[in-house]
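Just below is one structure, and these are the notes that go with it.
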Amino acid sequence: QVQLVESGGGLVQTGDSLRLSCTASGHTFSTYVMGWFRQTLENGREFVAAISRWGGTTSYADSVKGRFTISRDNANNTVYLRMNSLKPEDTAIYCCAASSRAVSKTETTYDYWGQGTQVTVSS
């Protein structure tokens, strides 16, 4: 069992930056692929980014490529999402997830989920 807790969300303006954190407990963090997803009423849940167990492989949604960066610190059981050049369409609840499988954009491959942190980008 893995518990995931996100933090770092907030209200920002267009063009601002935020860094989200997700801290894991309950199992060896480095054994999991980690992902970030975001959820809105209009679009449901969508993939944002993922990172392999030791950080050598990353994957991004086209909508965030070049603006967002996923990274991890296995010593501190934390995965990060650095978000630059934020746009109003980035407004969502951002959730981290852990997977025992390969890096994937598919939410059904993730086994554990956090509750999420709200990011709101004003225009």
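The values are calculated or read from the model by the stated rules, or taken from the named source; none is laboratory data. Because the structure is a prediction, the values reported are computed rather than measured. Cβ coordinates were reconstructed from backbone atoms using ideal geometry, including for glycine residues, and neighbour counts include every protein chain displayed. In case anyone asks, the SASA skips ligands and DNA or RNA and just uses the protein heavy atoms, side chains included. Shrake-Rupley method; radii C 1.70, N 1.55, O 1.52, S 1.80 Å.
Residues of the range 63-104 falling in the label zone of Gln118, defined by backbone nitrogen less than 15 Å from a point 7 Å along Cα to beta-carbon, are 91-95.
Basic side chains Lys and Arg get +1 at the Cβ, acidic Asp and Glu get -1 at the Cβ, and with that the dipole of the range 9-123 about its Cα centre reaches some 280 debye.
No disulfide-compatible partner, judged by a Cβ distance under 4.7 Å, exists for the following cysteines of the chain: Cys95.
Taking every protein chain into account, the accessible area of the range 2-80 amounts to 49 square angstrom per residue (probe 1.4 Å).
Note: relative contact order over the chain, using C-alpha pairs below 8 Å and six or more positions apart, is 36 percent. Nonpolar atom fraction for the range 34-76, defined as the carbon and sulfur part of the 1.4 Å probe accessible area, stands at 45 percent. Count Lys and Arg as plus one, Asp and Glu as minus one, and take only other residues whose Cβ is under 13 Å from that of Tyr32; the net charge is then +2.
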